[in-house]
Amino acid sequence: LFCSRPQSLPGCTAGQDAPGERTGQRQNRGMRTRLGCLSHKSDSYNDFTAILPDKPNRALKRLSTEEATRWADSFDVLLSHKYGLAAFRAFLKTEFSEENLEFWLACEDFKKTRSAAKLASKAQRIFEEFIDVQAPREVNIDFQTRELTRRNMQEPSLSCFDQAQGKVHSLMEKDSYPRFLRSKIYTDLLSQTQRRLS
């Protein structure tokens, strides 16, 4: 999603301020531009097909209505399916909350770490990216969980993120997952798979 730069005011070349323009006015204009970008965020089937792991048409030919319907059985069924995961990720992007899924996936990958040498550095990367206060992709967890995870970082183990990962999983399952099942991305996807059969 790209947004164009705000138009220059008459009599100004790109990159120059209008005479007498105040910093506050520039900030307001920048905010309007960002808000304009947000309004173009959609919740559509096209958002899903844009991030499919394969070419969209080929992928959708392989996705059956039965498989897509099964995603509504449970959150874990959705997460375990390649296209279910891609559709859920596309939906979270429309809600600006994909950091929850990215953290959950990072933890799943972290638990597969076999090298003791890599364990500490991987743990530190995950902590700094998702858990630490003011992390670039900070997940929404309570203070106690954050502090427990911080203490776990003193001696990282494969289970050092378990509590935080569990909280984020629970949050997505109770909050984002039901909205995903009602979303246009999911309902359009079901319609597309059903249309193929008719």
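Structure above, values below:
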read-out	value
Filter pass, ALA72 being part of a helix (DSSP H, G or I), among the aliphatic types (A, V, I, L, M) and open to solvent by 20 Å² or more (accessible area, probe 1.4 Å)	no
Among the candidates VAL168, VAL139, residue that is aliphatic (A, V, I, L, M), assigned to a loop (DSSP other than H, G, I, E, B) and either within 23 Å of GLN124 (Cα to Cα) or touching a strand residue (DSSP E or B) at 6+ places or on another chain (Cβ under 9 Å) (or both)	VAL139
Hits in region 96-113 (condition: crowded, with 19+ Cβ neighbours inside 10 Å and of a type in the set (S, T, N, Q))	ASN100
The listed residue being within 16 Å of the chain's Cα centre (by Cα) and part of a helix (DSSP H, G or I), out of PHE180, PHE127	PHE180
Filter pass, SER157 being over 18 Å from the mean Cα position of the chain (by Cα) and touching a residue at least 12 places away in the same chain (Cβ under 8 Å)	yes
Any hit, region 94-112, residues being modelled with pLDDT under 95, under 28 Å from THR65 (Cβ atoms) and not in a helix (DSSP H, G or I)	yes
Among the candidates PHE161, PHE143, PHE127, residue that is of a type in the set (Phe, Trp, Tyr) and exposed (fewer than 14 other Cβ atoms within 10 Å of the Cβ)	PHE143
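The values are calculated or read from the model by the stated rules, or taken from the named source; none is laboratory data. Predicted, not measured: the structure shown is a model, and the values here were computed from it. FYI the Cβ positions are ideal-geometry reconstructions off the backbone, even for glycines, and counts take in every protein chain you see. Heavy atoms of the whole protein, side chains included, go into the accessibility calculation; ligands, DNA and RNA do not. Shrake-Rupley method; radii C 1.70, N 1.55, O 1.52, S 1.80 Å.
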